[in-house]
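The values are calculated or read from the model by the stated rules, or taken from the named source; none is laboratory data. Keep in mind the model is a prediction, meaning the values are calculated, not measured. Backbone-built Cβ (ideal geometry, glycine too); neighbour counts: all protein chains shown.
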Amino acid sequence: MNKLVRQGFKPVDSHFKEDGQRWTVKEKIFLGLSPGDYFREQLKNPFNWILWVIYLVGTPILIARFFYGLGWATHSSYDYPWGLFLSWGLFTMVPLSASGFMMGTTVELFGRKDFKPIERLGLLNGLLGYFFAVVFLEVDLGQPWRLIYPMFVSLGPAAVLFLVAWHVATYLSVQIAELVPSFSEWMGFPRAKSFIKSLSIGLTVAGIILSTLHQGALGALFTYAPGKLHPLWLSAEFQWIHFLCSAIFAGLSMIIVVSTLSKWFMSWRCDDEFLSTLDKLTLGISKGAVLALITYLVIKIIAVAHDNEWGYLLTGWGQYYIVELLFGTIVPMILFTFAIRRQTASIARLAAFVAVFGIVLNRMNTALVAFNWKLYQEIPHWREIIIAIMVYATYIVVYRAILARMPILYTWNDKTK
Amino acid sequence: MKKFDRRKFLKGSLAGGVAAAASVGHEAKAAHTFEGYPDSMGVLVDLTKCIGCRTCEAACNKEQGLPAPDKPFDDMSVFDEHRHGGLKRRTSEKAYTVVNRYDIPEQGEPVYRKFQCNHCNEPACLTSCFVNAYTKTKEGAVMYNPKVCVGCRTCMIACPFYVPAYSYSSPINPIIKKCIMCYDTRLKFGKAPACVEACPQEVMTFGKRKDLIKMGHEKIKFKPEDYVDHIYGEHEVGGTAWMYLSKVPFEKVGFDTHLGTQPVLSYVKDFLAIVPMVLCIWPALFTGFHLLATRKEARKTEQQKSEE
Amino acid sequence: MPKKLKKICGAAVFLLIASLPLQQCFAQGPDTVVLETLAQYYDPVEFDHVMHVDMLGEDSCATCHHHSVGTPLVDENCKRCHEYGGETESANCEDCHPAQRFSADYLAEIEADIHLYHEDKPGLKGAFHQKCLGCHKEMDAPVGCQDCHTRTDAGDKLFRSGKYAPEPSESTAHAH
């Protein structure tokens, strides 16, 4: 697509073609190319070849998971009920999708309109991340058709997971609403856009409330098993604060990561406003991220002091914990600071990638590695790994499809004929 | 502004609803003193008497209609089985109770331990279930309702004794499998569970929990050289209906002695209490931030209006 | 002595001598006791009472019968209250140790009896096994279940043993 754009092709960015005709929905979906040209472009992309392989291998396994059950597809056991689907799909993807409320708050609530070019990317990242977290959940649940039970059939309101279920459902609605303007621009529904705009502060505040609570709740889930999670990773009083604080810089770093990937691989779709302001915005986001990082580091140390766990730091697990903090928190913090002082966006981008890696490490450690630390170590089943890769690949495919079409990376040209 | 009010109303109801729900947290502050319903039944397991005959396992299998075991119940080679990480047998979807053998060098003979759901006073499984699938009956049994279970398996994460098993082998109706103290067939009618009745050595005594605690302390007093001076389950994780007496230290026969006396709920309460706070404080707080952050714009708009 | 008196004396002596084994019988209990009250999964037990009496000695009744046949107690704990306890109405185990130890009725009975000290009195099954096995272990006597009573068909079914043994199976799910 990059080559086509260099050759002068202009993908759909308004309701009207050059000659004044309206684009049809079908034409919009094909980006203004003929279907033949479109599919030829897709075949040229090597990333798509990898996706084809993933789908060929993964689809039968995913379908079979529902016929043979979890015992066949995973290593979920009586001792280790939660495996890769939840540790990766839920516990890791949700904090990385905190970008929605971060960007919404920055632009709408705090009035920082200068972040507007990147706002929609943050919102989309949030929506898709949560949506696919639910997909992962459905793959993991023993009886996925009963997903609505905690909402309407049998309520257990005292449980933390009840809060997570309700909040994720409500927050998904909020995020869909926040992306309606983008969708309605693309489809041409101006009334929908203005309706949502009128709710914008309410939606943003709802988003902050819901995000605070469910990001924290995911951490609180582990306080149900205080004896099973290694003391360094567990803090009965502060677990939820740790998860909330890390979600903040996870979401911010993820925006930097996604915007970087968009710049590298989808620059044909980005407009000048996006590309020219991106470096400055990246550094602006870095400031937020580094504040959250230093806070997180300090509250993690406070938690160790609070429970008097200094002795554990000298053990093997302790050294692993220090490595996690080092690479997940201290290194990105130093890199971000350096980038801000030198006003170098590329270093900030590196920092963001490292911070995302740190979040992945922390969540996987909490949910899988340091969980049941007194027992044997659980390794996910190869089928579990393939299904997880496949669902994540679908997330990327959908992400890419929306970025290519809807006005996220570019501004919709609203000119009338 | 009308739309803003509607949204606020929705938020308020959600806040109110969750606040009402989270007010369980308020009750829970007194929860660690909950000693069970007054006439709650219990079982005192005297491990000094267990000979490892596995009749209890056989009786449970029959009473609960469980599938055929891998080996006959009189096959004692099961005591030598080990699973992942060298661990002994545990409860599974086919066995609600298991007996394990512990070879302790100081004892002349092996010590056996029967293991099943302990029917806690403040069960962690019940606390963690978001579809309210668990109930602590007034007879003392912790029951499970498979009709509402979604299969999230949080109860398996929460149970400090690693009791609930999940029927992973079933794709259509996987559910939790655990001891129900023979509630449907016996406990409801005041009868002892099948394993208690079947045991030839009467290792288990069935009666009111509060009476069993007294009985247990009497037994220890009567023959102090035969027992460790502790009833396991009297206070652990807030107290359990199934309690144990042992001659050897409990950690040597597979008991977790680091569980503390707080029910698991105590560790979650701090977060649950915050929920209504956030729901009620965040709206005003962040609307306030918004007003502060946009004051320059507001001033400009006012200026423009006054100029017109 | 007149002939009639001699006859009477002879008969008396004869009776006296003949009754000795009978007296022994009544003094030492029956030769064999068939324990069948609890027989369900196992056949009734043919308990060789006289062998146990011969092995442990005449005054050893208290070993099993506590103080219920009037013989002196050995256990200090028991002596505290029952040193002068004396005989009870019956020496049969099942007349004190209930067959249905955990029935709702019996539980209500012991709860209602506020003067009952031995609340934890085992039922018949527990009493037999605790008493017998305890001693058998010390004396290196048989301790296997089927050494004393063979399993019935119902018992084999319960234990999934013998002809009810399960087939070794391969499952598709991996071991948990």
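Among residues belonging to segment A:91-103 that are hydrophobic (A, V, I, L, M, F, W, C) and closer than 15 Å to A:L221 by Cα, point out the one that is nearest to the other protein chains (Cβ to nearest Cβ).
A:F91
Return the total of residues in segment B:207-225 being in contact with a Pro (Cβ under 9 Å, 6 or more places away or on another chain) and either away from chain C (no Cβ under 11 Å) or part of a helix (DSSP H, G or I) (or both).
Residues in segment B:207-225 being in contact with a Pro (Cβ under 9 Å, 6 or more places away or on another chain) and either away from chain C (no Cβ under 11 Å) or part of a helix (DSSP H, G or I) (or both): 1 in total.
How many residues does segment B:152-191 hold that are β-branched (V, I, T), away from chain A (no Cβ under 14 Å) and under 18 Å from the mean Cα position of the chain (by Cα)?
1
Just wondering, is there one or more residues in segment B:242-253 that are more than 13 Å from every other protein chain (Cβ to nearest Cβ), over 23 Å from B:T91 (Cβ atoms), among the aliphatic types (A, V, I, L, M) and outside any strand (DSSP E or B)?
no
If a residue must be facing another protein chain (nearest Cβ under 7 Å) and within 25 Å of A:Y392 (Cβ to Cβ), how many such residues does segment A:148-174 contain?
2
Would you say C:I114 is free of Cβ contacts under 8 Å to residues at least 24 places away in the same chain and not in a loop (DSSP other than H, G, I, E, B)?
No.
State all residues of segment B:286-296 that are part of a helix (DSSP H, G or I), under 19 Å from A:L199 (Cβ atoms) and either more than 47 Å from the chain's Cα centre (by Cα) or of a type in the set (A, V, I, L, M, F, W, C) (or both); if no residue qualifies, say none.
B:F286, B:F289, B:L291, B:A293, listed by residue number.
Within segment A:175-211, track down each residue that is surrounded by 23 or more Cβ atoms within 10 Å (Cβ to Cβ), of a type in the set (V, I, T) and facing chain B (nearest Cβ under 7 Å).
A:V205, A:I209, listed by residue number.
Go through segment C:97-138 residue by residue and tally those that are crowded, with 16+ Cβ neighbours inside 10 Å and hydrophobic (A, V, I, L, M, F, W, C).
Result for segment C:97-138: 8.
Only one residue in C:Q130, C:Q100, C:Q146 is within 21 Å of B:P193 (Cβ to Cβ), assigned to a helix (DSSP H, G or I) and within 11 Å of another protein chain (Cβ to nearest Cβ). Which one?
C:Q130
So which residues in segment B:53-90 are away from chain A (no Cβ under 14 Å), surrounded by fewer than 15 Cβ atoms within 10 Å (Cβ to Cβ) and closer than 24 Å to B:D103 by Cα, if there are any at all?
B:M76, B:S77, B:D80, B:E81
Please list, ordered by first then second residue, the pairs with beta carbon atoms under 9 Å, 6 or more apart or interchain, first in segment B:281-300 and of a type in the set (K, R), second outside any helix (DSSP H, G or I).
So the pair list comes out as B:K296/A:G111.
Does B:E302 satisfy being more than 9 Å from chain A (Cβ to nearest Cβ) and of a type in the set (D, E, K, R)?
Here the answer is yes, as B:E302 does meet what is asked.
Among the residues of segment A:60-90, which ones are away from chain B (no Cβ under 12 Å), touching a residue at least 40 places away in the same chain (Cβ under 8 Å) and not small (G, A, S)?
Once the filter is applied, which keeps residues that are away from chain B (no Cβ under 12 Å), touching a residue at least 40 places away in the same chain (Cβ under 8 Å) and not small (G, A, S), segment A:60-90 yields A:I61, A:L62, A:L84, A:W88.
Here's the yes/no breakdown for (1) at pLDDT 95 or above; (2) assigned by TED's automatic domain parsing to the domain that holds B:P249; (3) more than 17 Å from B:C195 (Cβ to Cβ):
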position	(1), (2), (3)
B:E63	yes, yes, no
B:A68	no, yes, yes
B:D75	no, yes, yes
B:V78	no, yes, no
B:G108	no, yes, yes
B:Y112	yes, yes, no
B:N118	yes, yes, no
B:A124	yes, yes, yes
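Just to be sure before I move on: is A:L128 under 24 Å from A:F243 (Cβ atoms), away from chain B (no Cβ under 11 Å) and either touching a residue at least 24 places away in the same chain (Cβ under 8 Å) or surrounded by fewer than 23 Cβ atoms within 10 Å (Cβ to Cβ) (or both) in the structure I sent?
yes
Are there any pairs, at least 6 apart or on different chains, whose C-beta atoms fall under 8 Å, with the first in segment C:138-159 and under 19 Å from C:M51 (Cα atoms) and the second in a helix (DSSP H, G or I), and if so, which?
Cβ pairs passing all conditions: C:A141/C:C135; C:P142/C:H136; C:P142/C:C148; C:V143/C:L133; C:V143/C:H136; C:V143/C:K137; C:C148/C:C132.
Hey, could you check segment A:238-261 for residues that are among the polar types (S, T, N, Q) and in contact (Cβ under 8 Å) with a residue 40 or more places away in the chain and say which is farthest from A:G284 (Cα to Cα)?
Per the criteria, the residue is A:S246.
From the list A:L297, A:L293, which residue is within 22 Å of A:P95 (Cα to Cα), among the hydrophobic types (A, V, I, L, M, F, W, C) and surrounded by fewer than 21 Cβ atoms within 10 Å (Cβ to Cβ)?
Exactly one residue qualifies, and that residue is A:L297.
Considering only segment A:145-166, state which residues are in a helix (DSSP H, G or I) and either in contact with a Ser or Thr (Cβ under 8 Å, 6 or more places away or on another chain) or of a type in the set (K, R) (or both).
A:R146, A:V160, A:L161
Does at least one position in segment A:392-411 carry a residue that is more than 22 Å from the chain's Cα centre (by Cα), at pLDDT below 95 and more than 14 Å from every other protein chain (Cβ to nearest Cβ)?
yes
Look at B:A194 and say whether it is within 14 Å of chain C (Cβ to nearest Cβ) and in contact (Cβ under 8 Å) with a residue 60 or more places away in the chain.
yes
Just to be sure I understand, how many residues within segment A:212-261 are within 11 Å of chain B (Cβ to nearest Cβ) and more than 30 Å from B:G260 (Cα to Cα)?
Here the count works out to 1.
Report, ordered by the first and then the second residue, all pairs with beta carbons closer than 8 Å, sequence separation of six or more or different chains, a first member in segment B:123-151 that is more than 13 Å from chain A (Cβ to nearest Cβ), and a second member that is of a type in the set (S, T, Y) and outside any loop (DSSP other than H, G, I, E, B).
The qualifying pairs are B:V142/B:Y134; B:V142/B:T135; B:M143/B:Y134; B:M143/B:T135.
Kindly indicate whether B:N118 is of a type outside the set (K, R) and more than 12 Å from every other protein chain (Cβ to nearest Cβ).
yes
Each row is one residue, and each column tells you yes or no for (1) within 20 Å of the chain's Cα centre (by Cα); (2) surrounded by fewer than 24 Cβ atoms within 10 Å (Cβ to Cβ).
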| site | (1), (2) |
| --- | --- |
| A:I29 | no, yes |
| A:G32 | no, yes |
| A:I54 | no, yes |
| A:F91 | yes, no |
| A:M102 | yes, no |
| A:T105 | yes, yes |
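Please determine whether any residue of segment B:230-241 is over 33 Å from the mean Cα position of the chain (by Cα) and within 11 Å of another protein chain (Cβ to nearest Cβ).
For segment B:230-241, residues over 33 Å from the mean Cα position of the chain (by Cα) and within 11 Å of another protein chain (Cβ to nearest Cβ): absent.
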